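I have placed the structure first, in the form of structure tokens, so that the comments after it can refer back to it.
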Amino acid sequence: MKKIATAYVLTCTLLIISIWCGVAIGSVHIPIEVLWNQSVDETAANIFWKIRLPRVLLAGIVGASLAIAGAAFQGLLKNPLADPYTLGISSGASVGAVMTIFFNISIPVVGLYALPTFSMIGAIITMVIVMSFARVVDRSLKMETLILTGVIFSSFLGSLISLMIALSGEELRQVIGWLLGSVSMRGWPYVQMIIPFVIVGSLMLWTQRRELNVLLYGEERAKHLGVNVKKSKYLILVGGSMLTGAAVAVSGTIGFVGLVVPHMTRMIWGSDHRHLLPLSFFNGATLLIICDLVARTIILPRELPIGVITAFIGAPVFSYIFYKQRRGKGVRA
């Protein structure tokens, strides 16, 4: 218990520090006094409340969503190489978001939530297709088969996005912005847009924390222990896809967060999903806030897409995990 308490204290402390660094550091320094006295520096206060704070919160929510989804997928598939990006789910969510922008789709009842809704639908459909095709190819559903299937469908979905870009006019800049991955100039409406989906998706995964622990020992044993495997799989896949779709809708395709964060959290604090899920959630928020800070300050006054920074971190970690697995020393999910 002492180790777990330490884990939560350290994780939350790092998150708080990253949030303050994210809002305070930049082309304009934000003094801490603006939190309780805006008259100290009205310009800094406006930047803090209208630009920096919503951006940092959005980055944190997106990172948390991708990380907890990755932790759940890794637990379900019993392999640390699984995440929304490598399984092609992010590409499916991107297609849903880009189609919404390209065709200017709006639903009166849904309103503001049309974009994340269609992005989530794209993510869920892609996940179902990838899992179904992989099972047809290999009934044992080996991870190599699943990842190759994800790559195949990512390539196909990427061609659909390229087609829409080629045919787009005024939408081109917005579509390109989505594909590069960014939380720049999103504002409070985007925070409002993603929060309901994150709450519902996270709760769906949280309800399956004990089932994920049992599923690590195999489906047959889980059935003998009273787990409704089919229902658990459905809730995990839908919850993870919902989180991925909502994240992609507001920030574009940001890869490797769902791979790196759960893997590192598992290595340090263990694989008990009762703690792995919330710790991954907080650590994912911390990582993406820091990555966004680096992306917007490393080459001031210009700004890098946040997906570039996460790829620099994620690709080597992915290679390391894959190498360890192929050498017979892989870490179990």
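Output the 0 to 90 degree angle, nearest 10, between the alpha-carbon long axis of helix 273-297 and the longest principal axis computed from the alpha carbons of the chain. The two axes meet at around 40 degrees. When only alpha carbons are used to place a centre, segment 22-96 and segment 1-19 end up 18 Å from one another.
Scaled against the 2.2 N^0.38 Å expected of a compact globular protein of N residues, the Cα radius of gyration of segment 163-302 reads 1.26. Its Cα centre serving as origin, segment 7-164 has a Cβ charge dipole (Lys and Arg +1, Asp and Glu -1) of approximately 400 debye. Summing Cβ point charges (Lys, Arg +1; Asp, Glu -1) relative to the Cα centre of segment 155-255 gives a dipole of roughly 420 debye. Find, to one decimal place in angstroms, the Kirkwood hydrodynamic radius of the chain, where the mean of 1/r is taken over every pair of different Cα atoms and then inverted. Roughly 20.2 Å, rounded to one decimal. Taking label points 7 Å from Cα along the Cα-to-Cβ direction, R139 and D272 give a separation of 3.8 nm.
Note on I195 and Y217: their simple-model spin labels are 4.1 nm apart, each label 7 Å out from Cα toward Cβ. Ranking V28, V198, V317 by how far each Cα lies toward the positive end of the dipole of the chain (charges on Cβ) leaves V317 at the top. So, with a 1.4 angstrom probe, what is the percent of accessible area on segment 208-259 that is carbon and sulfur? Ligands and nucleic acids excluded, carbon and sulfur give 53 percent. Just to confirm the number: angle between the C-alpha axis of helix 114-137 and the first principal axis of the chain, 0 to 90 degrees, nearest 10? The two axes meet at around 20 degrees. At a Förster radius of 41 Å, what calculated FRET efficiency corresponds to the Cβ-Cβ distance of S106 and K3, to the nearest 0.05? About 0.25, to the nearest 0.05.
A 1.4 Å probe run over the protein chains yields, for the chain, 48 Å² of accessible area per residue, whole-number rounding.
Taking only alpha carbon atoms, segment 67-133 gives an Rg to Rh ratio of 1.07, where Rh is the Kirkwood radius.
The values are calculated or read from the model by the stated rules, or taken from the named source; none is laboratory data. The structure presented is a predicted model; accordingly, all values stated were derived computationally and were not measured. Positions of Cβ are generated from backbone atoms using ideal geometry, with glycine treated the same way; all protein chains shown enter the neighbour counts. Ligands, DNA and RNA are stripped out before the accessible areas are found, and what is left, the full protein with its side chains, is counted by its heavy atoms. Shrake-Rupley method; radii C 1.70, N 1.55, O 1.52, S 1.80 Å.
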